[in-house]
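Chemist: Take this structure first; my questions come after.
The values are calculated or read from the model by the stated rules, or taken from the named source; none is laboratory data. Since the structure is predicted, the reported quantities are computational estimates derived from the model, not experimental observations. Cβ sites come from the backbone with ideal geometry, for glycine too, and all protein chains shown count toward neighbours.
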Amino acid sequence: MDETRNRGRTESAKVSAVVAEVLSRVRAEGDAALAEYTRRFDGFDPGKRGFAVSRREIDAAWKRVPKPLKDSLFLAASRIEAFHKRQAQEGFTAEIPGALVGQRVQPVLRAGVYVPGGKAAYPSTLLMNTIPARVAGVRDVAAACSAPGGKVPDVVLAAARIAGVAQVLRIGGAQAIAALAFGTESIPQVDVVAGPGNAYVTEAKRQVYGIVGIDMLAGPSELTVLADDSANAAYVAADLLSQAEHDEDAFVALVTDSAYLSREVEAELLRQSGKLPRRRILSASLERAAGFLVRDLEEGIGTVNAIAPEHLSLLVENPWGALERIRNAGTAFLGPYSPVAVGDYIAGINHTLPTGGAARFSSPLGVANFLKKMNVVSYQVRALASDAPHVVRLARKEGLAAHAQAVLLRIKGEA
């Protein structure tokens, strides 16, 4: 269990050093360094085509995307928007004797989202990261898309058009995070950077935090299935494989009180994985899979809470009853007909989730990641006079004489 709890927490000194150099150079040299890294890592010269994808390119990509696929993107976008509109936050004003205190909730001005590529195209990730920003009221949303050879996939550009993204950038890796965080001659600085990526992207987000806000440090995909003897072994295996196929570092686990089910799931994993195209990735990630045979459901729930998985599938006789005792998970999928894949694409919930046990203290990406709050205080003189003795007493106790003086000068001036 210790190894499982500590998954994703190893930091590579090499990755950290490489990222630090990239950030430093892009911050100091701007577009020149960004172009050099783009030529080196993505294999194209932005000097010829530019970092930003043109409106003409987006329109051409739109025409090439089949209508059924566009229909699926529209449905996903509409559900993501509807779900996230329910997360809207409002400020408030409250009275204390002779004074008003309150809080204003405002969107950041500009957000940058990272859309990974490489192994596949991820239009769903673009929708999941940009639509909450738009719902929050962010004026300007830019998407940095990993683009080997300078090519952003048509379907990703179609998703950007549906989401209303202001600017699509064909830049990837740590250099993309640097450009968004610091700004360059051609790319304005953003206030918040969101979106998942590889180890270099995640480390870059870690290092720029404090200069900009970030959503989270998302690591490899993960799923834990809590199942009892009522579960269908084929469904359990299919869900585990659906997350294991993301990449070699994905983490999947089965927690069950049924030895029979665990054997059946193992057989199903072998049978189903042999028919899937990403067999090499599946083989590597399943080598890291974990299994927990527990005495009963209560111990299983305790194990799940200790793992704090990104995705949790509850394939037990009473999933809603089990959910009442689950504290730590990014998203819970209840019952045999709620595969994780519906959450990844079409249910409307956000699929950018805390990983590596971070579900103990953090939440899925949402509208709140693109909002900031400002406290407001307005005193009348009589309220200040009434509270002055308390402020002065506390300030002097802490050795902060100027704090006390700032109050006393006002009271004396009005006496």
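Chemist: Looking only at residues that are assigned to a helix (DSSP H, G or I) and touching an Asp or Glu at 6+ places or on another chain (Cβ under 9 Å) in the range 288-299, which one is surrounded by the fewest Cβ atoms within 10 Å (Cβ to Cβ)? Working first, answer last.
Modeler: Start the filter on the range 288-299 by keeping residues that are assigned to a helix (DSSP H, G or I), which leaves 297-299.
Cutting the leftovers down to touching an Asp or Glu at 6+ places or on another chain (Cβ under 9 Å) gives us 297, 299.
Numbers: Leu297: 19, Glu299: 14.
So, considering only residues that are assigned to a helix (DSSP H, G or I) and touching an Asp or Glu at 6+ places or on another chain (Cβ under 9 Å), the one surrounded by the fewest Cβ atoms within 10 Å (Cβ to Cβ) is Glu299.
Chemist: So, one more: I'm trying to understand the selection: among the residues of the range 261-286, which are closer than 14 Å to Glu245 by Cβ and part of a helix (DSSP H, G or I)? If you could, list the steps in order and put the result at the bottom.
Modeler: Of the residues in the range 261-286, the ones closer than 14 Å to Glu245 by Cβ are 269, 272-286.
Those that are closer than 14 Å to Glu245 by Cβ and part of a helix (DSSP H, G or I): Leu269, Gln272, Ser273, Arg279, Arg280, Ile281, Leu282, Ser283, Ala284, Ser285, Leu286.
Chemist: Same structure, new question: Identify the residue in the range 247-286 that is out of contact with any Asp or Glu (no Cβ under 7 Å at 6 or more places or on another chain) and in contact (Cβ under 8 Å) with a residue 60 or more places away in the chain and, among all such residues, is farthest from Ala322 (Cα to Cα).
Modeler: Asp247
Chemist: Just checking, which of Val342, Val252, Val304 is surrounded by fewer than 16 Cβ atoms within 10 Å (Cβ to Cβ), at pLDDT 95 or above and under 25 Å from the mean Cα position of the chain (by Cα)?
Modeler: Numbers: Val252 fails: surrounded by fewer than 16 Cβ atoms within 10 Å (Cβ to Cβ); Val304 fails: surrounded by fewer than 16 Cβ atoms within 10 Å (Cβ to Cβ).
Result of the check over Val342, Val252, Val304: Val342.
Chemist: What is the residue count in the range 21-77 for residues that are over 15 Å from Leu169 (Cβ atoms), among the hydroxyl-bearing types (Ser, Thr, Tyr) and free of Cβ contacts under 8 Å to residues at least 12 places away in the same chain?
Modeler: Counting residues in the range 21-77 that are over 15 Å from Leu169 (Cβ atoms), among the hydroxyl-bearing types (Ser, Thr, Tyr) and free of Cβ contacts under 8 Å to residues at least 12 places away in the same chain gives 1.
Chemist: List the number of the failed condition for Pro364; all other conditions in (1) assigned to a helix (DSSP H, G or I); (2) under 16 Å from the mean Cα position of the chain (by Cα) hold.
Modeler: Among (1) assigned to a helix (DSSP H, G or I); (2) under 16 Å from the mean Cα position of the chain (by Cα), Pro364 violates only (1).
Chemist: Still on this structure, I have one more. Which of the residues spanning the range 341-361 are hydroxyl-bearing (Ser, Thr, Tyr) and either assigned to a loop (DSSP other than H, G, I, E, B) or within 13 Å of Leu312 (Cα to Cα) (or both)?
Modeler: Our first condition is that a residue be hydroxyl-bearing (Ser, Thr, Tyr); within the range 341-361, this holds for 345, 352, 355.
Passing the criteria: Thr352, Thr355.
Chemist: Any residue at all in the range 193-203 that's outside the structural domain of Asp344 (by TED's automatic domain parsing) and free of Cβ contacts under 8 Å to residues at least 40 places away in the same chain? Quick ask: steps written out before the conclusion?
Modeler: Filtering the range 193-203 for residues outside the structural domain of Asp344 (by TED's automatic domain parsing) gives 193-203.
Keeping just the survivors that are free of Cβ contacts under 8 Å to residues at least 40 places away in the same chain gives 202.
Yes, because at least one residue in the range 193-203 is outside the structural domain of Asp344 (by TED's automatic domain parsing) and free of Cβ contacts under 8 Å to residues at least 40 places away in the same chain.
Chemist: Return the residues of the range 259-277 that are in contact with a Leu (Cβ under 8 Å, 6 or more places away or on another chain) and either on the phi > 0 side of the Ramachandran plot or surrounded by fewer than 11 Cβ atoms within 10 Å (Cβ to Cβ) (or both); say none if nothing qualifies. So that I can check it myself, show each step before the final result.
Modeler: Of all residues in the range 259-277, those in contact with a Leu (Cβ under 8 Å, 6 or more places away or on another chain) come to 259, 262, 265, 269, 272-273, 276.
Correct list: Ala259 only.
For (1) modelled with pLDDT of 95 or more; (2) in contact with a strand residue (DSSP E or B) (Cβ under 9 Å, 6 or more places away or on another chain), each residue gets a yes or a no:
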residue	(1), (2)
Val105	yes, yes
Arg110	yes, yes
Pro116	no, yes
Ala120	no, no
Thr130	yes, yes
Ala133	yes, yes
Gly149	no, no
Val165	yes, yes
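Chemist: Can you say whether Asp239 is assigned to a loop (DSSP other than H, G, I, E, B) and either touching a helix residue (DSSP H, G or I) at 6+ places or on another chain (Cβ under 8 Å) or surrounded by fewer than 23 Cβ atoms within 10 Å (Cβ to Cβ) (or both), as far as the supplied structure shows? Even if it seems obvious, please write down each step before you answer.
Modeler: Working: assigned to a loop (DSSP other than H, G, I, E, B): no; either touching a helix residue (DSSP H, G or I) at 6+ places or on another chain (Cβ under 8 Å) or surrounded by fewer than 23 Cβ atoms within 10 Å (Cβ to Cβ) (or both): yes.
Criteria not met by Asp239.
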